[in-house]
Structures are given as C-alpha cells and as structure tokens.
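Step one of this worksheet: look at the structure below.
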Amino acid sequence: MMKRKAADSKSDDGERVKQKRLPSAKSKVVSLLARREHSQLELKAKLTQRGYTDEEASDAIRWAASHQFQSDERFALSLFRRRASTFGDRAIQAELGQHGLSNSHLEADKTAESMCEIERAVAWVKRRKATALDALLANPESTDTGELLKIKSSVFRALSSRGFEFSHIDQAWRRILDEFNSNA
C-alpha cells in the first residue's frame with residue numbers, strides 16, 4: 001500500500017503551501033465504523049470522496065470485513081433497528097437497496113429481533129394520535145364519525161407514506177379501535 005506524504009504545492013501568489021497528509025485508508029475505515037455501522041458501498045463512496053483511490057478503498061474495506069470490523073448483515077440489522085419504530089418494511093427495504101443490500105441480509109434477524117409491522121403501526125398510532133382518539137372515543141354514543149374519518153385518513157396517509165403495507169395499516173387501525181372500544 002502506498003504511503004501518502006505531505007506534498008508541497010504553490011498557491012495563487014506563488015507561496016509554498018504544505019498539503020495535509022491523509023491517514024491510511026484502513027485507519028479511516030476504522031474511524032468511520034467507530035461512529036456507526038456502514039455498508040461496504042457507503043464506505044467506498046466515503047473513502048473515494050476523501051481522496052483515496054478505488055484500490056486503496058477496496059483493500060481497506062476487504063481488510064475491515066475480514067477482521068469483522070465491517071459486516072453488511074450487522075449494518076442491515078442496525079438500519080432496521082433505527083428505522084423500525086417509524087418506517088414500514090417497504091421503506092426499510094428501499095433504503096437497504098440504496099446501500100446495495102438485498103432484503104436477505106435482514107430476514108433471519110428481523111423476525112427474531114423485533115415486533116411485526118402491524119405492532120409497529122399500532123405503536124406509531126398510539127404515539128401520534130392517542131390524545132385525539134382518546135378525546136374523540138371517550139364517549140361512544142357521541143362519537144363524531146366525520147372527525148373519526150379525518151383521523152383515520154390522516155393515519156392511513158402517514159403510515160403508507162412511511163412504507164407500511166395497506167393491509168397492515170388496516171389491521172392496526174382495527175386493533176386500535178377495538179382497544180378504545182373495550183376500554184370505554
């Protein structure tokens with residue numbers, strides 16, 4: 001691997017200026033991975049953006065993967081954990097695709113590690129709409145169906161834009177209404 005030396009260059013006014021010496025690509029990879037998990041594609045992009053050659057970046061990433069510093073499976077699980085409380089499976093799969101990963105990196109761990117998409121949708125609705133639903137459904141005889149439909153359409157729009165499946169949103173909505181009706 002080539003060592004990078006500080007190079008002298010001339011500035012616009014003819015004065016000699018020393019350029020900063022780049023750390024090795026391996027140390028940069030370790031530094032990036034110390035902050036959070038990264039996919040191999042993401043690491044390569046960051047290294048080339050910082051001035052490393054493709055060969056240096058690839059060698060450093062291979063080295064990091066062989067020493068278990070970098071793992072696409074760990075990255076996929078980390079991404080899922082960060083996004084699961086707010087996004088549905090489709091949105092998470094799309095983001096994995098942007099990182100050059102398929103859903104297979106996630107499937108085995110996802111079911112063991114987290115609740116299903118319906119439960120995540122129910123939790124989202126409870127976090128965001130509990131007060132409005134509680135006020136509206138406190139007295140079942142005087143429930144304003146127009147207001148209930150407004151909340152329902154708001155929930156469906158919000159969850160579908162976050163990548164939740166329509167059938168899962170519908171099941172979550174029904175579960176929420178059942179809980180409120182059983183508590184009333």
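Coordinate-derived values only; no laboratory data. Note that the coordinates shown come from a computational prediction; the quantities given were computed from them, not determined experimentally. Glycine gets a Cβ as well: all are built from the backbone with ideal geometry, and neighbour counts include every protein chain shown.
Summary table below
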{"read-out": "Estimated vicinal HN-Hα couplings, Hz - the range 165-175 in sequence order (Karplus 6.51, -1.76, 1.60; Gly, Pro = x)", "value": "5, 4, 5, 6, 5, 4, 5, 5, 4, 4, 5"}
{"read-out": "Lys, Arg +1 and Asp, Glu -1 on Cβ, resulting dipole of the range 37-87 about Cα centre, debye, nearest 20", "value": "340 debye"}
